[in-house]
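The values are calculated or read from the model by the stated rules, or taken from the named source; none is laboratory data. Everything quoted here is computed from the prediction, not taken from an experiment. Side chains included, ligands, DNA and RNA excluded: accessible areas come from the protein's heavy atoms. Shrake-Rupley method; radii C 1.70, N 1.55, O 1.52, S 1.80 Å.
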Amino acid sequence: MEKASKIVGGAIIGMDSENVTVNGRRYVLHPPTIHQIASAAYYLSGIGDGKTVKEVLSAVNEASNATRALSCLIAGDVSLYEELSQATLDEVLDALEVAYSLMSAKNFTRLSALARSVANLTAKQKP
């Protein structure tokens, strides 16, 4: 009960956010909304398998997609893409890991399963 009240209290007063530094600039990450999650999931369609969040995210098809996803999680859209694209892939992946840590593990697992399902449903070009 004490842990639950701490979580709720922290959310009410804004203590449930995390700070990340990407390309020398600090950004505040709040627990993502459904819109932010859906926007990020659009760009993370190449999500892979792994034991940690960072391993899963590092399998994203392109670094630019990871950067767009991070922008969605910070700003709700891709408006920060140009700014964030100057960072290293490790910085972007670390920030994505922090952003997804603000969601419960159960929700992240469900999100990654849904992203894989959507990727499998889309038509794939023949080589």
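Yes or no, residue by residue, for (1) at pLDDT below 85; (2) not polar (S, T, N, Q):
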| residue | (1), (2) |
| --- | --- |
| E2 | yes, yes |
| I7 | yes, yes |
| A11 | yes, yes |
| G14 | yes, yes |
| S17 | yes, no |
| R25 | no, yes |
| H35 | no, yes |
| G48 | yes, yes |
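For residues that are open to solvent by 30 Å² or more (accessible area, probe 1.4 Å), at pLDDT 90 or above and over 13 Å from the mean Cα position of the chain (by Cα), tally how many sit in the range 81-105. Counting residues in the range 81-105 that are open to solvent by 30 Å² or more (accessible area, probe 1.4 Å), at pLDDT 90 or above and over 13 Å from the mean Cα position of the chain (by Cα) gives 5.
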